[in-house]
1. Counting just the residues of the range 116-138 that are more than 19 Å from R30 (Cα to Cα), part of a loop (DSSP other than H, G, I, E, B) and in contact with a strand residue (DSSP E or B) (Cβ under 8 Å, 6 or more places away or on another chain), which one comes out nearest to the ligand (Cβ to nearest atom)?
2. Within the group K236, K244, K231, K269, which residue is in the same structural domain as P167 (by TED's automatic domain parsing), of a type in the set (D, E, K, R), surrounded by 13 or more Cβ atoms within 10 Å (Cβ to Cβ) and free of Cβ contacts under 8 Å to residues at least 60 places away in the same chain?
3. Does H61 fit the bill of being within 16 Å of the ligand (Cβ to nearest atom) and in the same structural domain as K15 (by TED's automatic domain parsing)?
4. Would you pick out the residues in the range 70-89 that are closer than 17 Å to K236 by Cα and either open to solvent by 20 Å² or more (accessible area, probe 1.4 Å) or of a type in the set (D, E, K, R) (or both)?
5. Do we have R178 as more than 22 Å from K116 (Cβ to Cβ) and either surrounded by 13 or more Cβ atoms within 10 Å (Cβ to Cβ) or outside the structural domain of H213 (by TED's automatic domain parsing) (or both) here?
6. Has the range 123-132 got any residue that is farther than 22 Å from T41 by Cβ, free of Cβ contacts under 8 Å to residues at least 60 places away in the same chain and assigned by TED's automatic domain parsing to the domain that holds G253?
7. Any residue at all in the range 192-200 that is within 14 Å of the ligand (Cβ to nearest atom), within 20 Å of the chain's Cα centre (by Cα) and either modelled with pLDDT of 95 or more or not hydroxyl-bearing (S, T, Y) (or both)?
Amino acid sequence: MDYKNYFLNCRESYKNKKPYLSSFYENPVRVIPHNFFTKETKDYLLDLSKNIKREFDTGKHKLGNISGIKNFWPYALPINKTCEQLIPYLEETFYGCNLFVDKVYIYRTQKIEIKKDSYLWHHDNNPNEIIKIIIYLNEVNQFNSPFEYLADENNRGMLAKCTRLGPNNWEPAPNDGRLEDEVKNLIKYKNCSGKKLIGKQFTACAFSNNSIHRVNPIIKGYRDVLNIRVKPTISKPSIYLSKKWTSSFGVSGAVDPDPEKDWQYYNKKSNLRLLKEIYLNILLKKLKNKIKIIKGNIFKYFFKNI
Ligand SMILES: [Fe+2]
């Protein structure tokens, strides 16, 4: 089954209010309304942003072109609290189905010498049904690395052609998904334009990973980002992120070609691994006891025969 069909199944079993399916693909970039987050969520995010700033200011998280937090789990509470407000909103207004969080990235943009990778116009080339939500942890203006997406003449984001659709259609993107020349032509001849996401602390945007986008370089200041990636699922998880199904840096950014491997699949897999570990521990304990008894018997035998 490919991602689109699985997404349709997820929409079918979703009983709440649903947006039109066509709008999901025709309007793939959604800026989250200004003042969307409640005071409670903002307090959690404020606490998170202070801690993240402190961590990056010490300079201990350098990962190549970006500074990224490898282990975000100490911050699971504020991220989950943010998801509790954000994800139901995306389910009802964007997807029309249940979601779970498969990735969390927290990073700080580094100053760069030459524009490459995410600084060039590109699409990520995971299936279209994979959405990322970026939340700025500090105020972002035109000088401190705003996220930018390509918009059509109606100011809507634009999807690039995805070459990863499901288990039987899983090819790498031409030119590794970089689209510099194509975008130049679209801006020149098709009335398209780049839209920079600029705003106060906690400005947020949800976008299909295949909408054409780029990061702008840092000219002055810094930019810390919380990036949450979601996937459709038939049944709602009791918690949005879990060590069983949410990963970060260190695990490939490509999703599994099989869309049916949702949070329940990883939950079962993790429980089975846990059961195996428990069973092996019991066996090991029994074996140790047996060795103890045998050692004791050998000792007794020699003691008797001295
Ligand atoms: Fe990207």
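The values are calculated or read from the model by the stated rules, or taken from the named source; none is laboratory data. The structure displayed is predicted, hence computed values, not measured ones. Please note: Cβ atoms are built from the backbone with ideal geometry, for glycine as well, and neighbour counts cover all protein chains shown. For the accessible areas, the whole protein counts, side chains as well, though only heavy atoms, and no ligand, DNA or RNA atoms are used. Shrake-Rupley method; radii C 1.70, N 1.55, O 1.52, S 1.80 Å.
1. If we filter the range 116-138 for residues that are more than 19 Å from R30 (Cα to Cα), which is where we start, we get 116-120, 138.
Now drop any that are not part of a loop (DSSP other than H, G, I, E, B), which leaves 116, 120, 138.
Next, from what is left, pick out any that are in contact with a strand residue (DSSP E or B) (Cβ under 8 Å, 6 or more places away or on another chain): 120, 138.
Numbers: L120: 10, N138: 20 Å.
Within the range 116-138, the match that is nearest to the ligand (Cβ to nearest atom) is L120.
2. On the way: K236 fails: free of Cβ contacts under 8 Å to residues at least 60 places away in the same chain; K231 fails: free of Cβ contacts under 8 Å to residues at least 60 places away in the same chain; K269 fails: in the same structural domain as P167 (by TED's automatic domain parsing).
Only one candidate qualifies: K244.
3. Details: within 16 Å of the ligand (Cβ to nearest atom): no; in the same structural domain as K15 (by TED's automatic domain parsing): yes.
Spelling it out, it is not the case that H61 is within 16 Å of the ligand (Cβ to nearest atom) and in the same structural domain as K15 (by TED's automatic domain parsing).
4. Of the range 70-89, the ones closer than 17 Å to K236 by Cα are 80-89.
Of everything in the range 70-89, those that are closer than 17 Å to K236 by Cα and either open to solvent by 20 Å² or more (accessible area, probe 1.4 Å) or of a type in the set (D, E, K, R) (or both) turn out to be K81, E84, Q85, P88, Y89.
5. Numbers: more than 22 Å from K116 (Cβ to Cβ): no; either surrounded by 13 or more Cβ atoms within 10 Å (Cβ to Cβ) or outside the structural domain of H213 (by TED's automatic domain parsing) (or both): yes.
Taking the combined requirement at face value, the residue does not satisfy it.
6. no
7. Within the range 192-200, one or more residues are within 14 Å of the ligand (Cβ to nearest atom), within 20 Å of the chain's Cα centre (by Cα) and either modelled with pLDDT of 95 or more or not hydroxyl-bearing (S, T, Y) (or both).
Per-residue answers, yes or no, for (1) part of a loop (DSSP other than H, G, I, E, B); (2) within 14 Å of the ligand (Cβ to nearest atom); (3) surrounded by fewer than 23 Cβ atoms within 10 Å (Cβ to Cβ); (4) in contact (Cβ under 8 Å) with a residue 60 or more places away in the chain:
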site	(1), (2), (3), (4)
E91	no, no, yes, yes
F100	no, no, no, yes
I106	no, no, no, yes
I114	yes, no, yes, no
